[in-house]
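Engineer: Sharing a structure, written as structure tokens. Questions coming.
Just so it is clear, none of the values below were taken in a lab; they were calculated from the coordinates. These numbers were taken from a predicted model, which means no experiment stands behind them. Counting neighbours? That spans all protein chains shown, and the Cβs are built from the backbone with ideal geometry, glycine included.
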Amino acid sequence: MSEWLEHSVQVEVAVPIELAWNLWSDLEQMPRWMKWIESVKILEDNPELSRWKLASGGLEFTWLSRILKMIPNQIIQWESVDGLPNRGAIRFYDRHGSSIVKLTVAYGIPGWLGKLMDNLFLGRIVESTIQADLERFKEYALKAYAQS
């Protein structure tokens, strides 16, 4: 039995929403700013599915993810269909010349792991990590914008 934990973080990036969207919607580029994501591979025979690999401190998790909703410049929503249970969405808000990028991630942790670890402690680690990922995305997007 899994227990679900959810986190939301956001960042404002001084780039047009189209650029923020284009960078995020190219899923295979995510390891460039998401520290724990080692790789993302879109399945050639089914582009709605992607294989993810997370690696940190000797731990490694993989999962197959399905895109549930993709509305350009608004939202990418997903859920895992195999492997590490997770779901979430990345939302984009246009601020006329800048963009708010909001990431919500939910993940299932096995009951035994929840008993072993303090969920608040685990939650703080995950939240600070994904906030740092969004800050790296901001820097990445600003560099891409400067080069365009």
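Engineer: Considering the Cα positions of the chain, please state its Rg to one decimal place and its Dmax as a whole number of Å.
Structural biologist: In order Rg, Dmax, the Cα atoms of the chain give 15.5, 49 Å.
Engineer: Another question about this same structure. For the chain, what does -39500 (n - 2.57) per DSSP helix run (n ≥ 4), summed and divided by total residues, give at 222 nm, in deg cm²/dmol to the nearest 500? Please list the in-between numbers first.
Structural biologist: Numbers: 3 runs with 44 residues, N = 148.
Helices in the chain give a 222 nm mean residue ellipticity of -9500 deg cm²/dmol.
Engineer: From the C-alpha coordinates alone, can you work out the Kirkwood hydrodynamic radius of segment 38-85, in Å?
Structural biologist: 11.5 Å is the Kirkwood radius here.
Engineer: What percent does the relative contact order of segment 22-148 come to when contacts are Cα pairs within less than 8 Å and at least six residues apart? Working shown, then result.
Structural biologist: Values: 181 pairs, mean separation 19.7, N = 127.
Averaging sequence separation for qualifying contacts and normalising by length gives 16 percent for segment 22-148.
Engineer: Given a Förster radius of 25 Å and the C-beta distance between Ser56 and Trp4 as r, what FRET efficiency does 1/(1 + (r/R0)^6) yield to the nearest 0.05?
Structural biologist: After rounding to 0.05, the efficiency reads 0.80.
Engineer: Between Ile100 and Glu18, 0.36 nm times their residue separation minus their Cα-Cα distance comes to what?
Structural biologist: Details: separation 82, 0.36 × 82 = 29.52 nm, distance 1.17 nm.
Fully extending the segment from Ile100 to Glu18 adds 28.3 nm.
Engineer: Suppose every Lys and Arg Cβ carries +1 and every Asp and Glu Cβ carries -1, with no other charges. What dipole size does the chain come out with about its Cα centre, to the nearest 20 debye? Can you show the working numbers first?
Structural biologist: Details: 16 positive and 19 negative charges, 43 e Å.
Computed charge dipole of the chain: roughly 200 debye.
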